[in-house]
Amino acid sequence: RLGERLKLEFDGPEPGRAHARLQAELENFRAAWRWATRHRHLDTLDACARALGGYHLDRWNRDEAVTLWLAALAALDEANPVHDAKLDEKLGATIGALLGHLGYVYAINGRLDEAEAFAERGLALLRPLRDELPDTFGLFMCFIALSIVAEGRGQLERAIGYIQEQETLGLVKFQGRHLNNLAILEMRSGNYVVAQDYAQRAIEHNRRDGFL
């Protein structure tokens with residue numbers, strides 16, 4: 001329950017409260033993660049993954065985040081002998097979300113090949129489950145990771161394409177973030193009028209959703 005509440009708070013207008021709460025509960029969260037990894041308990045992993053990810057990434061403690069996610073992924077892969085073929089939907093969604101988190105962290109650390117491998121695999125798992133996903137943050141992370149990879153390779157059109165695909169999939173929950181990323185990429189491409197339009201739309205969405 002705490003994990004689910006924190007996940008919502010991290011995505012809300014006052015993430016500082018979630019940081020303070022998680023700071024106080026961090027050891028309990030680590031213990032819960034280790035238990036869930038050992039027992040492959042998907043509900044607990046799902047509840048804690050977003051909150052732990054938000055905390056570690058914001059605090060720039062990426063090494064621990066990677067260690068946690070890799071341990072969980074290894075445990076779940078042991079229950080995945082067919083290598084993602086015909087996976088149970090819940091197992092596929094959990095693995096896909098972990099891959100999205102890993103892809104993002106590796107991308108911002110400049111490890112582009114590994115980031116791409118994680119994010120592409122995550123995307124392959126999560127795309128078919130789009131309408132069944134209770135939480136689309138993992139899918140969002142896969143797209144962001146691939147966008148960062150493409151940008152890092154100087155492929156700005158491809159980076160923009162990944163962000164635009166998020167819109168076509170209707171990830172409305174993150175619309176403001178998508179538009180902000182598009183504004184940045186278009187500005188770097190020299191398309192300043194288009195970038196300004198995206199930036200203005202991002203402000204409107206973020207204000208409507210309570211992030212401003």
### Task
Given the conditions (1) modelled with pLDDT under 75; (2) part of a helix (DSSP H, G or I); (3) out of contact with any helix residue (DSSP H, G or I) (no Cβ under 9 Å at 6 or more places or on another chain), report the number of the one that Ala85 does not fulfil.
(2)
### Message
What pairs come out if I take residues in segment 21-41 that are outside any helix (DSSP H, G or I) and pair them with residues that are open to solvent by less than 60 Å² (accessible area, probe 1.4 Å) whose C-beta lies under 7 Å away, six or more apart or interchain?
### Response
Arg40/Ala75; Arg40/Leu76; Arg40/Ala79
### Query
Does Glu114 satisfy being within 14 Å of the chain's Cα centre (by Cα), open to solvent by 50 Å² or more (accessible area, probe 1.4 Å) and modelled with pLDDT of 85 or more?
no
### Query
Could you say whether any residue in segment 176-186 is small (Gly, Ala, Ser) and at pLDDT below 75?
yes
### Task
List every residue pair whose Cβ atoms lie under 6 Å apart, where the two residues are 6 or more positions apart in sequence or sit on different chains, the first residue falls within segment 153-168 and is within 20 Å of Gly110 (Cβ to Cβ), and the second residue, located anywhere, is of a type in the set (Phe, Trp, Tyr).
Tyr162/Phe143
### Those residues of segment 119-135 which are in contact with a Leu (Cβ under 8 Å, 6 or more places away or on another chain) and farther than 16 Å from Arg153 by Cβ, in sequence order
Arg121, Gly122, Leu123, Leu125, Leu126, Arg127, Arg130, Leu133
### Query
How do the pairs read when you match residues in segment 187-208 that are among the hydrophobic types (A, V, I, L, M, F, W, C) with residues anywhere that are surrounded by fewer than 16 Cβ atoms within 10 Å (Cβ to Cβ) and assigned to a helix (DSSP H, G or I), using Cβ under 6 Å and keeping only pairs 6 or more apart or on different chains?
Ala195/Met187
#### Entry: Subset tally (residues that are open to solvent by 10 Å² or more (accessible area, probe 1.4 Å), closer than 22 Å to Asp46 by Cβ and not charged (D, E, K, R)) for segment 117-136
8
### Task
Considering only residues that are open to solvent by 60 Å² or more (accessible area, probe 1.4 Å) and assigned to a helix (DSSP H, G or I), look in segment 42-76 and name the one that is modelled with the highest pLDDT.
Leu70
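The values are calculated or read from the model by the stated rules, or taken from the named source; none is laboratory data. Keep in mind it's a predicted model, so treat the numbers as computed, not measured. For neighbour counting, all protein chains shown are included, and Cβ atoms are generated from backbone atoms with ideal geometry for every residue, glycine included. Each accessible area value is taken on the protein alone, full model and side chains, heavy atoms only, with ligands, DNA and RNA left out. Shrake-Rupley method; radii C 1.70, N 1.55, O 1.52, S 1.80 Å.
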